[in-house]
Amino acid sequence: MPVTIVKELARDASLPTPKIYMIETDEPVPNSFSTGKGPKRSSIVVTSDILNLEQHEIEAVIAHELGHIKKKDGVSSGMAAIIGSAIAYPANYAYWKMRYDDGKSGSIMLTFLMYIFGPIAAFFIRSSIPDRMEYKADYVSTVVTKRPKSLVSALNKMSAAFEERTIKGSIATSHLWIVNPFKDHWLTNLFSTNPPIDKRIERLRHMHGGG
């Protein structure tokens, strides 16, 4: 990830340059999230496959994360992820156990863990994270880059990647990512606070004359 891209976009957003981290994933899945206590203590995390996007799309994604930093979303979303993950741990274990066993581990105990702890953790997260948070970050991206179509293109590509693949992790962190990295499932859908991709794209296409 070229540091100059982040520096220039942060300058355009009137923000200090955040730290940037890149993580390797087992699957080719471009994604990102931001975290931190505020603009002066913030970080942007991207998967290595973000580099497979076009540069203007990468810029749109980084600008989206800068939008979260600008709105100081990191505190509420980070705390929700930590507490939600702790509550959801039994449900998360049961979910991945059943997925990796192709649904063969359908014991009463695993089902119990998912149905009891999953909804409790999901309720906590959904009550802590408003869906308008993503809309606002999308808007900041269009203001900074002046190219709504770039974010539209990036969201389409990222969403398509996760239709074919998924990554392993705590489902209670799904709200942190620009695109939900977990497969559609009644439990993961409970945790989803991000507005549907098609609604985000529809809004983006109406911004700045659809430019």
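The values are calculated or read from the model by the stated rules, or taken from the named source; none is laboratory data. Nothing here was measured: the structure is a model prediction, and the numbers come from that model. Note that each Cβ is placed from the backbone with ideal geometry, even for glycine, and that neighbours are counted across all protein chains shown.
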Residue 72 being modelled with pLDDT of 75 or more and on the phi > 0 side of the Ramachandran plot: yes
Any pair with Cβ under 7 angstrom, 6 or more apart, that starts in the range 135-151 at a residue that is acidic (Asp, Glu) and ends at one that is surrounded by fewer than 18 Cβ atoms within 10 Å (Cβ to Cβ): 138/203
Matching option when the condition is modelled with pLDDT of 90 or more and closer than 25 Å to residue 118 by Cβ, among 167, 197: 197
Residues (of a type outside the set (Ser, Thr, Tyr), farther than 15 Å from residue 177 by Cα and either surrounded by 15 or more Cβ atoms within 10 Å (Cβ to Cβ) or in contact with a Cys (Cβ under 6 Å, 6 or more places away or on another chain) (or both)) located in the range 144-164: 144, 147, 148, 149, 152
Residue among 25, 17 that alone is over 20 Å from residue 137 (Cβ atoms) and surrounded by fewer than 18 Cβ atoms within 10 Å (Cβ to Cβ): 25
Test set (1) among the acidic types (Asp, Glu); (2) over 15 Å from residue 158 (Cβ atoms); (3) assigned to a helix (DSSP H, G or I) - residue 49 fails condition number: (2)
Residue match in the range 140-147 (condition: more than 22 Å from residue 5 (Cβ to Cβ) and in contact with a helix residue (DSSP H, G or I) (Cβ under 9 Å, 6 or more places away or on another chain)): no
